[in-house]
1. Only one residue in Lys78, Lys70 is modelled with pLDDT under 75, basic (Lys, Arg) and out of contact with any His (no Cβ under 9 Å at 6 or more places or on another chain), so which one is that?
2. Scan the range 46-57 for residues that are open to solvent by less than 80 Å² (accessible area, probe 1.4 Å) and either farther than 20 Å from Arg19 by Cβ or not in a helix (DSSP H, G or I) (or both) and jot them down.
3. Could you identify the single residue in Gly35, Gly29, Gly40 that is open to solvent by less than 60 Å² (accessible area, probe 1.4 Å), modelled with pLDDT of 75 or more and in contact with a Phe, Trp or Tyr (Cβ under 7 Å, 6 or more places away or on another chain)?
Amino acid sequence: MTQERYPIYKGLQKPLIYRGFKGKFIYWGIGSLIGGLAIGGLIGALSNLLLGGFATLALMGAGLAYTFMKQGSGLHDKTRHRGVFIHPILLSISYENREKDSL
């Protein structure tokens, strides 16, 4: 008896890209736009309209720049150690030493 195979659509296997932002960074970009608008609007309402407009543009630009920089390191946060790591082969504690100590 042979097993029948059916084609399964598994998606494109690529992250969603919108205007240069990939995957989760789309949400980061939208968050920086909304956050900059909210904080800049609050500054404009409490002080000066011109200062609020400048703050809005500055915060949005800084948030988008930060998002682009974080996107360069990849979709997942990874610790990247640079250097040479030497792992010891022989350990100072062995099974034989434990057996002698317990007697």
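The values are calculated or read from the model by the stated rules, or taken from the named source; none is laboratory data. Everything numeric here is computed off the predicted structure, so don't read it as measured data. All Cβ positions, even for glycine, are placed from backbone atoms using ideal geometry, and neighbour counts span all protein chains on display. SASA here: full protein model, heavy atoms, side chains in, ligands and nucleic acids out. Shrake-Rupley method; radii C 1.70, N 1.55, O 1.52, S 1.80 Å.
1. None of the others qualify; the one that does is Lys78.
2. Residues satisfying the conditions are Ser47, Gly52, Gly53, Ala55.
3. Being open to solvent by less than 60 Å² (accessible area, probe 1.4 Å), modelled with pLDDT of 75 or more and in contact with a Phe, Trp or Tyr (Cβ under 7 Å, 6 or more places away or on another chain) holds for just one of Gly35, Gly29, Gly40, which is Gly29.
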